[in-house]
Amino acid sequence: GVGMGMTAPVSITAFPAEDGSFQQKVKVSLRIPSQFQDSPPCPTDESVKIEERQGMTIYSTQFGGYAKEADYVSYAAKLKAALGSDAAYHKDSYLCNGYDPPMKPYGRRNEVWFVKE
């Protein structure tokens with residue numbers, strides 16, 4: 001019952017299939033605004049969970065435009081190629097992040113994150 005407004009980034013955890021495409025399962029995460037961090041409101045929908053994301057070190061790449069699944073898959077592949085085989089990161093999932101409201105037509109920012117092991 002508490003309105004919190006839109007936060008950034010909107011983060012989607014993608015679980016890539018063998019061919020790099022997204023599996024059906026994804027997890028969407030929204031940052032809780034600062035004023036609610038110490039005592040977040042309890043969700044009324046049981047499919048919504050409050051979880052604390054621990055600090056992490058990431059490998060990241062950034063791109064613009066209205067991001068679609070194919071864009072995230074493409075940039076994840078480019079990041080993987082740039083890192084080569086020596087980089088240690090979680091291969092079972094990666095994060096797709098969007099920072100802009102849907103109505104922002106220009107200067108959009110999107111990122112793909114691989115979480116370092």
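The values are calculated or read from the model by the stated rules, or taken from the named source; none is laboratory data. These numbers come from a predicted model, not from an experiment. Counting neighbours? That spans all protein chains shown, and the Cβs are built from the backbone with ideal geometry, glycine included. The area values use the complete protein model at the heavy-atom level, side chains included, leaving out ligands, DNA and RNA. Shrake-Rupley method; radii C 1.70, N 1.55, O 1.52, S 1.80 Å.
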Here the residues within segment 64-117 that are within 15 Å of A14 (Cα to Cα) and assigned to a helix (DSSP H, G or I) are E69, A70, D71, Y72, V73, S74, Y75, A76, A77, L79, K80
When (1) touching a Ser or Thr at 6+ places or on another chain (Cβ under 8 Å); (2) assigned to a loop (DSSP other than H, G, I, E, B); (3) open to solvent by 40 Å² or more (accessible area, probe 1.4 Å) are applied to I32, the one that fails is (3)
Sole miss for T61 among (1) in a loop (DSSP other than H, G, I, E, B); (2) surrounded by 15 or more Cβ atoms within 10 Å (Cβ to Cβ); (3) among the polar types (S, T, N, Q) is condition (1)
Condition set open to solvent by 40 Å² or more (accessible area, probe 1.4 Å) and either modelled with pLDDT of 85 or more or on the phi > 0 side of the Ramachandran plot (or both), scope segment 8-18, selection nearest to the chain's Cα centre (by Cα): answer is I12
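Residue-wise test of (1) of a type in the set (A, V, I, L, M); (2) open to solvent by less than 80 Å² (accessible area, probe 1.4 Å).
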{"site": "M6", "(1), (2)": "yes, no"}
{"site": "G20", "(1), (2)": "no, yes"}
{"site": "A67", "(1), (2)": "yes, yes"}
{"site": "Y72", "(1), (2)": "no, yes"}
{"site": "Y89", "(1), (2)": "no, yes"}
Checked against (1) among the polar types (S, T, N, Q); (2) at pLDDT 85 or above; (3) open to solvent by less than 40 Å² (accessible area, probe 1.4 Å), S39 satisfies every condition except (3)
So, first residue at pLDDT below 95 in segment 49-66, second residue assigned to a loop (DSSP other than H, G, I, E, B) and open to solvent by 90 Å² or more (accessible area, probe 1.4 Å), Cβ within less than 8 Å, six or more apart or across chains; the pairs are I50/C42
From the option list D100, D92, D71, single residue qualifying as acidic (D, E) and free of Cβ contacts under 8 Å to residues at least 60 places away in the same chain is D71
